[in-house]
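Take a look at the structure set out below.
The values are calculated or read from the model by the stated rules, or taken from the named source; none is laboratory data. Treat the numbers as computed from the prediction; the structure is a model and nothing was measured. Because the Cβ atoms are built from the backbone with ideal geometry, glycine has one as well, and the counts that use them run over all protein chains shown. Only protein heavy atoms, including side chains, enter the accessible area calculation; ligands, DNA and RNA are left aside. Shrake-Rupley method; radii C 1.70, N 1.55, O 1.52, S 1.80 Å.
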Amino acid sequence: LSVSSAKDIPIEPIYNDPLVCVLPKGTKTDGEYMEVDDMRGYSFVTQRESTDADIQTFLKEHNLTVQSSYHVVDDLSTVKLVEKGFGICLMPELVMQDIPYEVDTYPIKPNACRIIGIAAMNPDFMAPAARTIYQHIIDNYKRI
């Protein structure tokens, strides 16, 4: 669960997942990253506002106006539209691992990330098996 989505649910952060900018293959020919000002000249392909809270927050914080006729509900559809030239998008780096589409990804400046955590409605009252797996995940996968 993304920490930004947890609201009142207790959550233990375990991983920082950087956001990257996704462009059609060969679109950008200079630099190693995308700055916010570089993004202003592109159309965005976005998911519905109720999804990707971390990306929506980044767009709002940096006054990136998203005027798009295309709204999708899953990551692969978003990246496929980018591949076909409908615009650019922001995605968590983990999402982009092993994506088979012809796109380029660039780290963004300023850096931004989503924080992934493990959540439980009431960590003090978990069943023994749930507590065991919860603790196993924290002990073996926490990267923060």
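Using a probe radius of 1.4 angstrom, the carbon and sulfur fraction of the accessible surface of the chain is 49%. Among complete DSSP H helices in the chain, those whose alpha-carbon atoms stretch at least 18 Å along the helix's long axis and whose mean Kyte-Doolittle hydropathy reaches -0.5 are 128-141.
Relative contact order for the range 23-135 using alpha-carbon pairs under 8 Å, separation at least 6, rounded to a whole percent? The partial results should precede the final answer.
On the way: 112 pairs, mean separation 42.9, N = 113.
Relative CO of the range 23-135 lands at 38 percent.
Solvent-accessible surface (1.4 Å probe) assigned to Arg40 amounts to roughly 120 Å². Each Lys and Arg contributes +1 and each Asp and Glu -1, all at the Cβ; summed about the Cα centre of the chain, the dipole is approximately 180 debye.
With every protein chain left in place, what is the accessible area per residue of the chain in square angstrom, probe 1.4 Å?
Details: 8700 Å² over 144 residues.
Normalised by residue count, the accessible surface of the chain is 60 Å².
Going down the list Lys25/Lys109; Lys7/Lys80; Lys28/Lys109; Lys25/Lys80, which pairs span over 23 Å between their C-alpha atoms? Too far apart for the 23 Å limit: Lys7/Lys80. Size of the chain from its Cα atoms: along the principal axes, largest to smallest, the extents are 52, 26, 25 Å.
Ordered from highest to lowest accessible area with the whole protein assembly present and a 1.4 Å probe, Lys84, Lys142 read as Lys84, Lys142.
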